[in-house]
Amino acid sequence: MFEPAELAVVIAQVREPMHVVRDLTRARIGLVTGGQVVTTAAPGDLPLLATLPALYPEWLGDRSFCEVHGVRFPYVGGEMANGIATTQMCIAMAEAGLVGFFGAGGLGYPRVEAAVDELVSKLGERLPWGVNLIHSPNEPALENRVAELLLRKGVKIISASAFMGLTPAVVRCAATGLHLDAQGRIARKHQVFAKISRREVAMKFMSPAPADMLRALVEQKLITAGEAELAARVPVAEDVTVEADSGGHTDNQSLVALFPTIMALRDELAAQHKFDRPIRVGAAGGLGTPGSLAAAFNMGAAYVVTGSVNQAALESGLSELGKAMLAEADVADSIMAPAADMFELGVNVQVLKRGTMFGVRAAKLYDAYHSNASLESIPLDQKQKLERDTLHASFEEIWAETRGFWLKRDAHEVTRAEADPKHKMALVFRWYLGKASKWAIDGEASRRADFQIWSGPAMGAFNRWAKDSFLAEPKNRSVVQIARNLLEGAAVITRAGQLRSFGLPVSPASFQFRPRRLS
C-alpha cells in the first residue's frame, strides 16, 4: 500500500497531524497527512478511522514538570561529579529550555562556591539551573556546608544523589522556604530532586520528613517551626528519579523492572499521606538512544535524566583524550570499580573499561584493604606489585601527599588516620581513586591506563546510534544537540508506536531516527 521508506519519512514529521484511513475497498489502511494520501490507492472518499494530532518533544513527559521548573523540555542533564557537568553545560542547557545540574560531588567547597556564584551571576532567576548535593558519609561537615551554601545563594533546584537515607542536610534543603501561597497551598522555595535506585530509599524521599529530624533542625534554628509544620505535610521530594544501570554510582538495576515498582509505591504513599498534588517520577540510567527515551516516557516517566552521553559533550569538563575514549566505547565496555567517596563501605561505581585498566587496578586495591589491617601488614610481594603496577609510587610517598591534602581540607581525617591504621590505608588507596578521575579530567596522557571515566551502557548505545552521522564526531557533540536529537527521535518513535496501535502496518524503518542538526 505504501513504500516503507516513504512511510518512515512521513511518520518522522511529528509536527504534522495524521489521519488513519481505509481505502475504498476497506481492505487496507493508509495515512493522510499534509493533504496527501500515503497509499497506492486512489485518494477518493476514504473512511476516517482515527486522527493523531501533532506531537512535539515538549509533550513527551508530565506537563507539570515543565510548568513547575520553567523549562521547555522534560529533560535533565545529570550531575556528573568533579565538575564534569560544568557551569557551561548548565548555561547551554538553560538557554535551550532544558535543566542541567552542576556536578558538585567530589569537589572542595571553594570550587563549588565559585561555580554557584558564576551560575547566579549568569543565569540568576532568569532561567532554571541546579546544583548537586551528594551524600558524603566520610565528610558530613562538607555535605552540611554545601547545603548551607545552596540555600544561602538561593539555588532553587537541588539534586540529591547517592543518599542511602535522609540526612539533616537534605531535609533542611527541602523544608527551607516552605510557605502558603495566596490560595492557601503549600509552596516550595527549593525543589529537591531525589535520585534513587532502591524502594526503601524512594519511600523516605516520597514521604514527609521524620518528625524527630524536623524537631532537631528547629532546635538548631536551621528551619523555622512554621517550615517544620508544613514539611510534615508534603514529601521531601516531589521529583524522584529512578536510576537504573548508569555510569558512576549505580545498583545496575533494570529500568523496566524498577520503574513500575517505584510508580506503584508513589501512588501508595500519595494515598497514605493524602498528598494533594502528584510526585513526579523520572527515569535515568541507560538512556542513550531515542528508543530508550521513548520507552521511559511510555512507562510513565515525567522526565528523563541523561548522564554518560553528556560526558562526551563539548561542554563537559572531561579532557579531549577522555572524550575520544568515550567515543570508541561499545555497549559492553564498562566495568564496576570501588568508589572513592564510599571506598570503606564497599560501594562501587560503573566506569569505562575500554582503553583503561582502572577498574581492574582499583579492585586490587580494595582487595588489599579488605584483607589487611594496615599498610604494614600487606605481604611484601603484594605491596611491591601495588606500588609498581598500580600506584606508580610508594605507600610512604602517597601518604605524605595525602596527609598534606587532608590537612588543608579536613585535618580531622589526618588525626583519625594516625590513630587508626585501617583508615590510613583507606586514605592512601583512595588517593589513587581520586587521582584517576583527575587524570581523566586533566588529560594526563602518561596515566591514560589509569583514567577513571564514569560510564554505563548508554554511552556505547549512543555511539552505535550516532555512527556515520554528524554526532559521531566528538567535536559536534554539544549537549543541546544531543538532547534535541534524543527528544526528537523519541517523539518519532512514539508516533510510530501510536500508528501501529491503530492497526497501521508500520515498517521497521519508522522506528529508526537518524541524528540531524536541529535548531
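FYI, it's all coordinate maths here, none of it is from the lab. The structure displayed is predicted, hence computed values, not measured ones. In this analysis, Cβ positions are derived from the backbone assuming ideal geometry, glycine residues included, and neighbour counts consider all displayed protein chains.
Among the trypsin sites (Lys or Arg not before Pro) within the stretch 224-319, those in coil by DSSP and having at most 15 neighbouring Cβ atoms inside 10 Å are ARG233, LYS274.
Across the stretch 253-258, computed HN-Hα scalar couplings (Karplus, 6.51 cos²θ - 1.76 cosθ + 1.60, θ = phi - 60°) run 6, 8, 4, 5, 8, 6 Hz from first to last residue, x flagging Gly and Pro. Calculated mean residue ellipticity, 222 nm, the chain: -13000 deg cm²/dmol, from DSSP H runs (n ≥ 4) at -39500 (n - 2.57) each, averaged per residue and rounded to 500. You can think of it this way: the chain between VAL256 and SER469 has 73.8 nm of extra reach, that is 0.36 nm per residue less the Cα-Cα gap.
Look at the alpha carbon pairs under 8 Å that are at least 6 residues apart: their mean separation over the length of the chain gives a relative contact order of 16 percent. Footprinting exposure proxy ranking of GLU148, GLU413, fewest other C-beta atoms within 10 angstrom first, gives GLU148, GLU413.
Ordering LEU180, LEU471 from the fewest to the most neighbouring beta carbons within 10 Å gives LEU180, LEU471.
May I ask you to list the GluC sites (Glu not before Pro) in the stretch 258-353 that are in a DSSP loop and have at most 14 other Cβ atoms within 10 Å of their Cβ? For GluC sites (Glu not before Pro) across the stretch 258-353 that sit outside H, G, I, E and B with at most 14 neighbouring Cβ atoms in 10 Å, the list reads GLU328. The ranking of ASP420, ASP181 from fewest to most other beta carbons within 10 Å of each one's beta carbon is ASP181, ASP420. Answer rounded, prolate or oblate for the chain, using the Cα gyration tensor with square roots of eigenvalues a ≥ b ≥ c: rounded when a/c is under 1.5, else prolate when a/b is larger than b/c, else oblate. Because a/c hits 1.5 or more and a/b fails to exceed b/c, the chain counts as oblate. List the residues, sorted by chain then number, that are 5 or more residues from VAL304 or on another chain and whose placed amide H is less than 5 Å from its amide H. So VAL304 has HN proximity to TYR75, VAL76, ALA283.
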